[in-house]
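The values are calculated or read from the model by the stated rules, or taken from the named source; none is laboratory data. Computed from a prediction, not measured in an experiment: that's the story for all the values here. Every residue, glycine among them, receives a Cβ derived from its backbone with ideal geometry; neighbour counts consider all protein chains shown. For accessibility, only protein heavy atoms count, side chains too; no ligands or nucleic acids. Shrake-Rupley method; radii C 1.70, N 1.55, O 1.52, S 1.80 Å.
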Amino acid sequence: MSIRITLVLGLLGITSLAAQEAWQAKPDVVAATTKRLPQFNFDESAVKPYQLPDVMGTGRVRSQADWKRRRGEILELYRANVYGRSPGKPQKLRFETVAETRDALDGHATLRRVAILSNQDGREHRFELALFLPNAAKDRVPVFVLINLGRAGATEMPRGVTAAASELIPRGYGLAAIQNGELAPDDKDHFREGVLQLFEGTATGDRAPDAWAALAAWGWGASRAVDYFETDPMIDMSRLAVIGHSRGGKAALWAGAQDDRFSLVISNESGEGGAALTRRNYGETLPRITTSFPHWFAPRYATFAGREAELPVDQHMLLSLMAPRALYVASADEDLWSDPRGEFLSLVHTSPVYALWKEPALSDRMPALGQPVVAGRRGYHVRTGAHALAPYDWQRYMDFADVAWRRK
Ligand code: GTR
């Protein structure tokens, strides 16, 4: 761009076009990531052409009613091939307040710890919810449910949870955090020793190809948190979000897909098996994720290693399951393992579905670094920095929620 044009735009107060350039992975980040993970592709020019399954299917989907049927088919494909079949509520579900204080976050929040007790065929499972509600609230509180990456039995509040609460509370949002490890230990040899065992009565032996696994178990916990909210008149049931980071983001997407009590679904750098397109050979791959983390998915998923083109779904179809609800996908500049462009494109390819509700389309041009794009009820950003759930991310999610939930 000529200096003169830049100058004129500058005088007009228009941000320089350079700052608006579509995001691309920085060459030094590509080089460093390739050096660290040489068996994987981080070179955009080496991405092979791929063909995505049509989210609308072979039958014609023209109306919201047609979509309802198609949506059911897609959900079933995900259950059979990817995340497995989650049970719903257990036979008995009860809640016990373990502790409550109005002094959390320097007196700005009430923190209630709730035990969620499930009973199935006489077996019991217990996990905890940490619920932060703003003391300043005058009305029912909109709540973000965070699937936090935490072990069972931790005595201290995980740092990520306090960090999240300190962002949310001043803006009038509540936080409900669950620890994934309490629902299914994040370990291939022990993942069945949580809610899977509650329902199956055993943590050993063979499993069906479509048996649910750790990601689904974590998401199941988020839905049980919502069951608890139904007992608490302080919670705004029409304004509930589910969010997770990375593996927690994959679980949040699956929770959001299955439970439409979440009116906002947020994926923070969920990558492979989350928001990122599986067929794009960039970053983490299906063979790799099902080898390193075989316990995350239904057993059948691993059989698609090396034949991704035969998968009946790709992740734009998972994201489409949220329509017409609010959906936000976010990536980070240095997190090439998660494939930022693959996450963005996945969101872009939900447009035909959102269009059934007259939602605006999203251009397939990546937004610039640190410049969120919002198209109606869908949002995306790629943030500066590494793989994490950062304050910047929380702030963008709240900005988006303010609008999606029309709070201003
Ligand atoms: C990585 C895994 C990713 C992502 C990440 C995380 O090791 O390959 O899919 O889930 O862990 O959860 O931080």
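Here is how the numbers come out for the structure above:
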| read-out | value |
| --- | --- |
| Members of the range 388-408 that are within 16 Å of the ligand (Cβ to nearest atom) and either closer than 23 Å to ASP364 by Cα or of a type in the set (D, E, K, R) (or both) | ASP393 |
| Check on PRO87, open to solvent by less than 70 Å² (accessible area, probe 1.4 Å), at pLDDT 95 or above and within 29 Å of ARG406 (Cβ to Cβ) | no |
| Residue satisfying condition, being within 19 Å of ARG247 (Cα to Cα), polar (S, T, N, Q) and in contact with an Asp or Glu (Cβ under 6 Å, 6 or more places away or on another chain), within set SER331, SER292, SER346 | SER331 |
| Single unsatisfied condition, SER238 versus (1) open to solvent by less than 10 Å² (accessible area, probe 1.4 Å); (2) in a strand (DSSP E or B); (3) farther than 23 Å from THR97 by Cβ | (1) |
| Residue that is farthest from the ligand (Cβ to nearest atom) [pool: residues in the range 136-150 that are open to solvent by 40 Å² or more (accessible area, probe 1.4 Å) and more than 19 Å from the chain's Cα centre (by Cα)] | LYS138 |
| Residues satisfying the stated conditions in the range 19-72, i.e. among the hydroxyl-bearing types (Ser, Thr, Tyr) and more than 29 Å from ALA257 (Cα to Cα) | THR33, THR34, SER45 |
| Residue count for the range 353-384, restricted to those that are open to solvent by 10 Å² or more (accessible area, probe 1.4 Å), under 29 Å from ARG288 (Cβ atoms) and not in a loop (DSSP other than H, G, I, E, B) | 1 |
| Failed condition for THR350, given (1) of a type outside the set (A, V, I, L, M); (2) farther than 27 Å from ASP54 by Cα; (3) in contact with a helix residue (DSSP H, G or I) (Cβ under 9 Å, 6 or more places away or on another chain) | (2) |
| Residue list for the range 240-251, filter: among the small types (Gly, Ala, Ser) and within 12 Å of the ligand (Cβ to nearest atom) | GLY244, SER246, GLY248, GLY249, ALA251 |
| Set SER320, SER351: member being touching a Phe, Trp or Tyr at 6+ places or on another chain (Cβ under 9 Å) and of a type in the set (S, T, N, Q) | SER320 |
| Residue match in the range 204-217 (condition: outside any loop (DSSP other than H, G, I, E, B), out of contact with any Pro (no Cβ under 7 Å at 6 or more places or on another chain), within 12 Å of the ligand (Cβ to nearest atom) and farther than 22 Å from TRP405 by Cα) | yes |
